[in-house]
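Written below as structure tokens is the structure these notes are about.
The values are calculated or read from the model by the stated rules, or taken from the named source; none is laboratory data. The shown structure was predicted, so the numbers you read here are calculated from the model rather than taken from an experiment. All Cβ positions, glycine included, derive from the backbone under ideal geometry; neighbour counts span all protein chains shown.
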Amino acid sequence: MMDRTPDNTDRVAERARMVEEQIVRRGVKDPRVLSAMRKVPRHLFVPPSHRSYAYADEPLPIGQGQTISQPYIVAFMTEQLRLTGDERVLEIGTGSGYQTAVLAELCDSVFTIEIIAQLGENARKTLDNLGYRNIVYRIGDGYAGWEEKAPFDAIMVTAAPPEIPQPLVRQLAEGGRMIIPVGTISQELILLEKKNGQIKKTSVLPVRFVPMKGKAETDG
Ligand code: SAH
């Protein structure tokens, strides 16, 4: 399919419509999340071949068998973290870097891990070009988290393991929140909260994510 939209138009009207029709209409309310979704130029994270669909209500391929999540899912997961601006956030599955940008708009710093080097490096270029300076990048298996940078106030996982990786639970700060898709054939988005040393898990939405690679493949 021909892409007739040049990269130098910022497509702000398409984003405003995306937020109203796909995100507000489905119940996402956090004004900071909505404003980040209006701001981040999603089309720059989508390969040129799919750029005309960048604001469609669906996930899109980003190469290497991976996908950029549907805009609503990005907004919904981000809202679950209840970011206020001063958090340190761990993200597993940098992918295109789109979700990373949305997080970077809403917290102090993002630590993001991607297992496929080419995707991670590409995302870093896109995010550098857009001027994001509060992101720290790592290529590797996110199953083990990022011990040297822990604890994290919030953790976002965008590939599905069969079970919640315990290193991530350990690296979550007291009072922190993690949002993670869990399961194989059928998956649920799980919100995990750590309060007074206790772990509370809530299933918030049925979802479909790519499977987590690496150590997670031998779990469950
Ligand atoms: N948040 C991404 C979605 C990417 S899809 C975006 O907005 O584009 C999931 C990503 O998780 C893929 O890029 C995949 O390579 C990565 N991934 C899978 N298993 C991983 C692991 N164990 N550690 C780090 N990244 C992983």
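Residues that are among the small types (Gly, Ala, Ser) and on the phi > 0 side of the Ramachandran plot are absent from region 66-83. Which of the following residues is in a loop (DSSP other than H, G, I, E, B), modelled with pLDDT under 95 and touching a helix residue (DSSP H, G or I) at 6+ places or on another chain (Cβ under 6 Å): Asp7, Asp3, Asp57? Answer to the check: Asp3. Is there a residue in region 51-61 that is within 16 Å of the ligand (Cβ to nearest atom), in contact with a His (Cβ under 6 Å, 6 or more places away or on another chain) and small (Gly, Ala, Ser)? Yes - at least one qualifying residue is present in region 51-61. For the criterion of being surrounded by fewer than 23 Cβ atoms within 10 Å (Cβ to Cβ), in contact (Cβ under 8 Å) with a residue 60 or more places away in the chain and either hydroxyl-bearing (Ser, Thr, Tyr) or more than 24 Å from Gln187 (Cβ to Cβ) (or both), Thr126 passes.
Output yes when any residue across region 171-182 is in contact with a helix residue (DSSP H, G or I) (Cβ under 7 Å, 6 or more places away or on another chain) and of a type in the set (A, V, I, L, M, F, W, C), and no when none is. Looking through region 171-182, at least one residue is in contact with a helix residue (DSSP H, G or I) (Cβ under 7 Å, 6 or more places away or on another chain) and of a type in the set (A, V, I, L, M, F, W, C). Only one of the numbered conditions (1) within 25 Å of Ala75 (Cβ to Cβ); (2) crowded, with 22+ Cβ neighbours inside 10 Å; (3) within 14 Å of the ligand (Cβ to nearest atom); (4) not charged (D, E, K, R) is violated by Ile135, and that is (2). The condition (being touching a residue at least 60 places away in the same chain (Cβ under 8 Å) and either in a loop (DSSP other than H, G, I, E, B) or of a type in the set (D, E, K, R) (or both)) is satisfied by just one residue among Arg32, Arg51, Arg15, Arg38: Arg32.
Here is a yes/no grid of residues against (1) within 18 Å of Leu34 (Cα to Cα); (2) more than 13 Å from the ligand (Cβ to nearest atom):
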site	(1), (2)
Gln70	yes, no
Leu90	no, no
Glu105	yes, yes
Ser109	no, yes
Glu114	no, no
Ala123	no, no
Thr126	no, no
